[in-house]
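Asker: Supplied in C-alpha coordinates, the structure appears directly below.
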Amino acid sequence: MYVGRFVVVGPGIGAYRVSSRSFPNRRIVEREGTLTVAPTPDAPETDNPYVSYNCVRESEGRAVLGNGSHVDPVTEKLDMGYPARDALATALLSLDYEKDDYDTPRIAGVVEAGTATVGVVRRDALLVESVAEPTLVATYEETEPRAFEFAAADAAAAAREAYGLDFEHAICAAGVAVDGGVETAVVNGD
(Lines give C-alpha, C1' and ligand atoms only; values in the text may rest on other atoms or scores of the structure.)
Protein backbone atom coordinates (compact mmCIF):
# COMPACT_ATOMS: atom_id res chain seq x y z
CA MET A 1 0.00 0.00 0.00
CA TYR A 2 1.18 3.51 -0.78
CA VAL A 3 0.63 5.93 2.11
CA GLY A 4 3.07 8.65 1.02
CA ARG A 5 5.02 10.42 3.74
CA PHE A 6 4.30 9.46 7.33
CA VAL A 7 5.19 10.09 10.96
CA VAL A 8 5.09 7.70 13.88
CA VAL A 9 5.27 9.37 17.28
CA GLY A 10 5.06 8.05 20.81
CA PRO A 11 6.44 9.05 24.19
CA GLY A 12 10.21 9.30 23.79
CA ILE A 13 10.37 7.90 20.23
CA GLY A 14 9.46 9.02 16.74
CA ALA A 15 10.16 8.60 13.05
CA TYR A 16 9.46 10.30 9.76
CA ARG A 17 9.65 8.61 6.36
CA VAL A 18 9.60 10.01 2.86
CA SER A 19 7.82 7.69 0.45
CA SER A 20 7.38 9.11 -3.02
CA ARG A 21 6.35 8.13 -6.50
CA SER A 22 6.89 11.58 -8.02
CA PHE A 23 10.18 12.77 -6.45
CA PRO A 24 12.35 9.73 -5.61
CA ASN A 25 15.71 11.54 -5.83
CA ARG A 26 15.81 12.86 -2.27
CA ARG A 27 17.67 12.19 0.92
CA ILE A 28 17.78 13.49 4.47
CA VAL A 29 20.81 15.57 5.43
CA GLU A 30 21.86 16.98 8.79
CA ARG A 31 22.38 20.75 8.86
CA GLU A 32 23.44 22.24 12.20
CA GLY A 33 21.24 19.91 14.24
CA THR A 34 18.26 20.07 11.86
CA LEU A 35 17.35 17.20 9.53
CA THR A 36 16.37 18.41 6.07
CA VAL A 37 14.83 16.57 3.13
CA ALA A 38 16.82 17.67 0.08
CA PRO A 39 17.28 16.59 -3.53
CA THR A 40 20.15 14.25 -4.29
CA PRO A 41 22.92 15.68 -6.52
CA ASP A 42 21.49 13.82 -9.54
CA ALA A 43 17.88 14.97 -9.00
CA PRO A 44 16.24 16.83 -11.87
CA GLU A 45 15.61 20.50 -11.16
CA THR A 46 12.12 21.38 -9.94
CA ASP A 47 10.29 24.45 -8.79
CA ASN A 48 7.99 22.35 -6.59
CA PRO A 49 8.02 24.02 -3.13
CA TYR A 50 7.17 20.74 -1.37
CA VAL A 51 10.31 18.77 -2.37
CA SER A 52 12.80 20.21 0.15
CA TYR A 53 12.05 21.13 3.79
CA ASN A 54 13.15 20.63 7.39
CA CYS A 55 11.65 17.36 8.63
CA VAL A 56 13.13 17.18 12.17
CA ARG A 57 14.02 20.02 14.50
CA GLU A 58 14.82 20.17 18.19
CA SER A 59 13.11 22.51 20.64
CA GLU A 60 14.45 22.54 24.18
CA GLY A 61 14.71 18.77 24.63
CA ARG A 62 11.77 17.92 22.36
CA ALA A 63 11.71 16.84 18.72
CA VAL A 64 9.36 18.13 16.02
CA LEU A 65 8.79 15.90 12.99
CA GLY A 66 6.78 16.61 9.87
CA ASN A 67 6.39 16.58 6.11
CA GLY A 68 6.93 20.22 5.25
CA SER A 69 7.61 23.85 6.04
CA HIS A 70 5.25 23.74 9.04
CA VAL A 71 8.01 22.03 11.08
CA ASP A 72 9.69 25.43 11.47
CA PRO A 73 6.70 27.36 12.92
CA VAL A 74 5.81 24.44 15.22
CA THR A 75 9.37 24.59 16.58
CA GLU A 76 9.21 28.38 16.92
CA LYS A 77 5.91 28.18 18.85
CA LEU A 78 7.39 25.57 21.20
CA ASP A 79 10.43 27.80 21.73
CA MET A 80 8.03 30.62 22.69
CA GLY A 81 6.46 28.43 25.38
CA TYR A 82 3.37 27.12 23.61
CA PRO A 83 2.21 23.64 24.68
CA ALA A 84 2.75 21.00 21.97
CA ARG A 85 -0.98 20.79 21.17
CA ASP A 86 -1.24 24.54 20.60
CA ALA A 87 2.00 24.75 18.61
CA LEU A 88 0.82 22.00 16.26
CA ALA A 89 -2.72 23.34 15.91
CA THR A 90 -1.59 26.92 15.27
CA ALA A 91 1.01 26.03 12.64
CA LEU A 92 -1.11 23.42 10.87
CA LEU A 93 -4.15 25.69 10.76
CA SER A 94 -2.07 28.65 9.51
CA LEU A 95 -0.36 26.75 6.68
CA ASP A 96 -3.28 24.42 5.91
CA TYR A 97 -2.99 21.38 3.63
CA GLU A 98 -0.61 21.55 0.66
CA LYS A 99 -2.16 23.25 -2.35
CA ASP A 100 -0.93 20.66 -4.84
CA ASP A 101 -2.83 18.40 -7.26
CA TYR A 102 -3.66 15.99 -4.41
CA ASP A 103 -4.54 18.40 -1.57
CA THR A 104 -1.79 16.63 0.37
CA PRO A 105 -2.28 16.77 4.15
CA ARG A 106 0.37 18.24 6.39
CA ILE A 107 1.37 15.84 9.15
CA ALA A 108 3.48 16.49 12.23
CA GLY A 109 4.35 15.30 15.70
CA VAL A 110 6.09 16.49 18.83
CA VAL A 111 8.03 13.87 20.79
CA GLU A 112 8.89 14.48 24.43
CA ALA A 113 10.41 12.14 27.02
CA GLY A 114 7.10 11.17 28.61
CA THR A 115 4.51 12.16 26.04
CA ALA A 116 3.86 12.80 22.37
CA THR A 117 1.41 14.80 20.31
CA VAL A 118 0.40 14.17 16.71
CA GLY A 119 -1.40 16.38 14.22
CA VAL A 120 -2.73 16.45 10.68
CA VAL A 121 -4.48 19.07 8.61
CA ARG A 122 -6.45 17.79 5.64
CA ARG A 123 -8.81 19.55 3.28
CA ASP A 124 -11.69 18.46 5.53
CA ALA A 125 -10.24 18.46 9.07
CA LEU A 126 -7.64 19.55 11.58
CA LEU A 127 -6.82 16.83 14.13
CA VAL A 128 -4.37 17.23 17.01
CA GLU A 129 -4.15 14.78 19.89
CA SER A 130 -1.88 13.68 22.70
CA VAL A 131 -0.88 10.04 22.43
CA ALA A 132 0.35 7.54 25.00
CA GLU A 133 1.55 4.91 22.52
CA PRO A 134 3.17 4.98 19.07
CA THR A 135 0.73 6.54 16.62
CA LEU A 136 0.94 6.77 12.83
CA VAL A 137 -0.48 9.37 10.46
CA ALA A 138 0.31 9.61 6.75
CA THR A 139 -0.41 11.85 3.79
CA TYR A 140 -2.53 9.22 1.96
CA GLU A 141 -4.77 6.34 3.06
CA GLU A 142 -3.76 6.67 6.76
CA THR A 143 -4.81 10.30 7.22
CA GLU A 144 -6.34 9.83 10.66
CA PRO A 145 -3.95 9.16 13.57
CA ARG A 146 -4.09 5.55 14.79
CA ALA A 147 -2.17 3.42 17.26
CA PHE A 148 0.64 1.63 15.44
CA GLU A 149 3.00 -1.16 16.51
CA PHE A 150 6.48 0.35 16.60
CA ALA A 151 9.18 -1.41 18.60
CA ALA A 152 12.18 0.93 18.20
CA ALA A 153 13.91 2.03 21.40
CA ASP A 154 16.53 4.44 20.00
CA ALA A 155 16.87 6.87 17.09
CA ALA A 156 18.84 4.53 14.81
CA ALA A 157 16.34 1.71 15.31
CA ALA A 158 13.44 4.13 14.71
CA ALA A 159 14.91 5.30 11.39
CA ARG A 160 15.61 1.71 10.28
CA GLU A 161 12.17 0.46 11.36
CA ALA A 162 10.34 3.33 9.61
CA TYR A 163 12.39 2.85 6.44
CA GLY A 164 11.71 -0.90 6.46
CA LEU A 165 7.95 -0.75 7.03
CA ASP A 166 5.87 -2.48 4.38
CA PHE A 167 4.60 0.68 2.68
CA GLU A 168 5.55 1.31 -0.95
CA HIS A 169 8.24 3.62 -2.38
CA ALA A 170 10.56 4.18 0.61
CA ILE A 171 13.06 6.95 -0.11
CA CYS A 172 14.59 7.93 3.26
CA ALA A 173 13.75 8.06 6.97
CA ALA A 174 14.67 9.86 10.15
CA GLY A 175 14.42 8.58 13.70
CA VAL A 176 14.38 10.47 16.99
CA ALA A 177 14.70 9.43 20.62
CA VAL A 178 14.04 11.86 23.46
CA ASP A 179 15.22 11.15 26.99
CA GLY A 180 16.86 14.14 28.61
CA GLY A 181 18.14 15.17 25.16
CA VAL A 182 17.30 14.58 21.52
CA GLU A 183 19.10 11.88 19.54
CA THR A 184 18.57 11.64 15.75
CA ALA A 185 19.47 9.15 13.04
CA VAL A 186 18.96 8.91 9.29
CA VAL A 187 18.55 6.11 6.75
CA ASN A 188 18.89 7.13 3.11
CA GLY A 189 17.99 4.75 0.33
CA ASP A 190 20.67 5.96 -2.08
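Asker: In the chain, carbon and sulfur make up what percent of the accessible area (probe 1.4 Å)?
Answerer: Using a 1.4 Å probe with all protein chains present, the chain comes out at 44 percent carbon and sulfur.
Asker: Sticking with this one: At what distance in nm do the modelled label points of Leu93 and Glu32 sit from each other, each positioned 7 Å from its Cα along Cα→Cβ?
Answerer: If labels sit at Leu93 and Glu32, their model points lie 3.1 nm apart.
Asker: Simple spin-label model, 7 Å along Cα-to-Cβ: Thr40 to Glu168 in nm?
Answerer: 2.0 nm
Asker: Also, I was wondering about something else. Which GluC sites (Glu not before Pro) in region 1-97 pass both tests, a DSSP loop state and at most 15 other beta-carbon atoms within 10 Å? Let's see the in-between values first.
Answerer: Details: sites: Glu30, Glu32, Glu45, Glu58, Glu60, Glu76; in loops: Glu32, Glu45, Glu60.
For GluC sites (Glu not before Pro) across region 1-97 that sit outside H, G, I, E and B with at most 15 neighbouring Cβ atoms in 10 Å, the list reads Glu32, Glu45, Glu60.
Asker: Which label marks the calculated value of Rg and Dmax of the Cα atoms in Å, given the options (1) 20.8, 61; (2) 18.2, 58; (3) 14.6, 42?
Answerer: Computing Rg and Dmax of the Cα atoms in Å and matching it to (1) 20.8, 61; (2) 18.2, 58; (3) 14.6, 42 gives (3).
Asker: Read phi for every residue in region 44-58 and hand back ³J(HN,Hα) as whole Hz from Karplus 6.51 cos²θ - 1.76 cosθ + 1.60, θ = phi - 60°, with x for Gly and Pro.
Answerer: x, 5, 8, 9, 5, x, 9, 7, 10, 5, 6, 10, 9, 9, 9
The values are calculated or read from the model by the stated rules, or taken from the named source; none is laboratory data. It should be emphasised that the depicted structure is a prediction, and the values quoted were computed from it without experimental measurement. No Cβ is skipped: glycine too gets one built from the backbone with ideal geometry, and neighbour counts run over all protein chains shown. Each accessible area value is taken on the protein alone, full model and side chains, heavy atoms only, with ligands, DNA and RNA left out. Shrake-Rupley method; radii C 1.70, N 1.55, O 1.52, S 1.80 Å.
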